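Sharing a structure with you now.
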Amino acid sequence: MTTYTIALLEGDGIGPEVSAASVQVLRALKGRFDLTFDIRKTPAGDRCRAERGEALPDSSVSAIKDSDACLKAPVGDTAADVIVRLRQLLNLYANIRPSRALQHVPSLKPGIDFVIVRENTECLYKGMEFEFEGGVIALRTITRSASTRIAEYAFQLAEQRLKTREVLAVHKSNVLRKSDGLFAECCREVSAKHPGIAFSEMLVDSAAMNLIRIPERFDVIVTTNMYGDILSDEAAQTVGGLGLAPSANIGETFAIFEPVHGAAPDIAGRGLANPVAIILTTCMMLEWLSKTRDDRNCAEAAEAVRTAVNGVLESGIKTVDLGGNASTAEVGDAVAKRVSR
Ligand code: NAI
């Protein structure tokens, strides 16, 4: 029996509801896969700030560092103090946001299966905003090293995927000539080292349009931090919405897994939130554990969870966002039951 320590950030708003579903699914893996998870609740977010005066205490950072992986539900207004800080602190440079049509959920077009690879440590998200009389200046950082590193990640991912073997760099170098110009230049340089992968570029406004016009044509999209943040919410909508969209923040040795969505205060506490996004996020965590710990069991467990999710959706157990009437807990229960079968 292998045990992995998981730092769990339950988050705010719908966070505790959806993370409970993931915990249930992880527990259900024990019987079938000889896998157990030592799940350590780790305080962070709005509630933590209200109770302790800080959104991300040092003790939580230590607990995260001491774990095998971190599963994070969304936090609320403290997102910049929690996840943006953790990405920089732990150098989680690649934010991986897949959009893949699920069998039993209507999508915008057939055959949608692409991944946004978002640079996760710089751009406008370094928090360098300065007030001056009559305005604010926000500084955007784009470095050669971070741009090259994320481009390299995207090309390697395109090599592993079985789709069109294409990387598309999204930027706005016609206006942001120096910063996005550098990003584009780094992507071109990396593309030259990967002759087996087709490479093209698109301006971000055009990419926003094409994501809803021809989403089935994309494979791997590499982009800077803010464009990736915005485009990935749009991308989620092409395959059924934020309630289904998983993501991973990957570094050299550590990773944090979180759904794309936020704390959704408009539906919090009512059992309306779709837990599938965080359950598919949990699959990404299992796949990463499989790869980094060379543990086939975790890959098989991830596959079993994906199959269970598809089965549950096929049986019509869906939350309101997908046109169903099941609660968050009912979907979580149903997936966990199928996993343990
Ligand atoms: P949001 O993603 O929380 O909500 C946008 C819309 O999607 C809402 O109508 C919501 O009800 C719906 N939605 C989101 N997740 C859903 C789910 N699992 N099932 C069904 N419907 C779902 O984005 P919003 O409203 O912009 O942000 C709310 C709060 O979340 C803010 O305080 C923001 O700072 C925080 N946030 C935190 C993030 C993080 O922790 N990584 C990421 C994004 C936002």
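Given points 7 Å out from each Cα along the Cα-Cβ axis, report the F132 to I214 separation in nanometres with one decimal.
In this crude label model, F132 to I214 measures out at 4.3 nm.
Under 17 Å from the Cα of K163, which aspartates and glutamates turn up, not counting those fewer than eight places away in the same chain?
The qualifying aspartates and glutamates are D113, E216, D219.
Rg/Rh for the range 194-237: what does it come to with C-alpha atoms and Rh from Kirkwood?
Numbers: Rg = 10.9 Å, Rh = 11.3 Å.
When Rh is taken as the Kirkwood radius, the ratio is 0.97.
Please state, rounded to one decimal and in Å, the Kirkwood hydrodynamic radius that the range 108-238 gives when every pair of distinct Cα atoms enters the mean of 1/r. Write down the numbers at each step before the final one.
Values: mean 1/r = 0.0659 Å⁻¹.
Evaluated over the range 108-238, this radius sits at 15.2 Å.
For T36, which sequence-distant residues (separation of 5 or more, or a different chain) have an amide H within less than 5 Å of its own amide H, given hydrogens modelled in the peptide plane?
It is T2, T3, Y4, by chain and number.
Still on this structure, I have one more. For the range 215-256, divide the Cα radius of gyration by the Kirkwood radius and give the resulting Rg/Rh value with two decimals.
My calculation of the ratio gives 1.00.
What lysines does K337 reach when the alpha-carbon gap must be under 22 Å and sequence neighbours fewer than 8 apart in one chain are set aside?
Within reach: K30, K318.
Round to the nearest 0.05 the FRET efficiency obtained for Q103 and A80 when R0 = 51 Å and r is the Cβ-Cβ distance. Show your work: numbers first, answer last.
Numbers: r = 36 Å, r/R0 = 0.71.
Between Q103 and A80 the formula returns 0.90.
Give the accessible surface of the chain per residue, rounded to a whole number of Å², with probe radius 1.4 Å and ligands, DNA and RNA excluded.
Spelled out: the 1.4 Å probe surface of the chain, per residue, equals 43 Å².
Related question: May I ask you to work out the translational diffusion coefficient for the chain at 10 °C, viscosity 1.306 mPa s, via Stokes-Einstein with Rh from the Kirkwood sum over Cα pairs, reported in whole µm²/s? Provide the component values of the computation, followed by the final result.
Working: Rh = 20.4 Å.
Answer, rounded: 78 µm²/s.
Another question about this same structure. Determine which residues of the range 131-163 fall in the zone a paramagnetic label at E189 would reach in this model, i.e. backbone nitrogen under 16 Å from the point 7 Å along Cα→Cβ.
What the label zone holds, given the 16 Å backbone N cut-off, is 142-155.
Using a basic spin-label model with each label point 7 Å from the Cα along Cα→Cβ, how many nm lie between S59 and K30?
Distance between the two pseudo-spin positions: 2.6 nm.
Here's another thing I want to ask about it. How far, in nm, would the chain grow between R52 and V175 when pulled straight, counting 0.36 nm per residue and subtracting the alpha carbon separation?
Working: separation 123, 0.36 × 123 = 44.28 nm, distance 4.39 nm.
Extra length from R52 to V175 when fully extended: 39.9 nm.
Distance between the C-alpha centers of the range 303-341 and the range 65-99? Whole Å please.
Measuring centre to centre over Cα atoms gives 26 Å.
Using a basic spin-label model with each label point 7 Å from the Cα along Cα→Cβ, how many nm lie between N310 and R165?
So the label points at N310 and R165 sit 2.5 nm apart.
Does anyone have the angle between helix 144-160 and the longest principal axis of the chain? Alpha-carbon axes, 0 to 90°, nearest 10?
With rounding to tens, the tilt is 50 degrees.
While we're looking at this one, here's another question. Restricting attention to the alpha-carbon atoms of the range 1-148, what are Rg (one decimal) and Dmax (integer), both in Å?
Rg, Dmax (Cα atoms, Å): 18.5, 63.
Order the peptides 235-241, 2-8 from the highest to the lowest mean number of other Cβ atoms within 10 Å of their residues.
Details: 235-241: 21.7, 2-8: 18.3.
Averaged packing, sorted descending, gives the order 235-241, 2-8.
For K172, give me every one of the lysines with a C-alpha distance below 20 angstrom, ignoring sequence neighbours fewer than eight places off in its own chain.
K126
Sticking with this one: Report the Rg/Rh value for the range 255-337, based on alpha-carbon coordinates and the Kirkwood definition of Rh.
Numbers: Rg = 13.7 Å, Rh = 13.5 Å.
That ratio equals 1.02.
Sorting check: for 94-101, 107-114, 145-152, 63-70, which peptide has the highest mean count of neighbouring beta carbons within 10 Å, and how do the rest follow?
The densest-packed peptide leads the list: 94-101, 145-152, 63-70, 107-114.
The values are calculated or read from the model by the stated rules, or taken from the named source; none is laboratory data. Every value quoted in this text rests on a predicted model; they were computed, and no experiment measured them. Counting neighbours? That spans all protein chains shown, and the Cβs are built from the backbone with ideal geometry, glycine included. Ligands, DNA and RNA are excluded from the accessible area calculation, which covers all protein heavy atoms including side chains. Shrake-Rupley method; radii C 1.70, N 1.55, O 1.52, S 1.80 Å.
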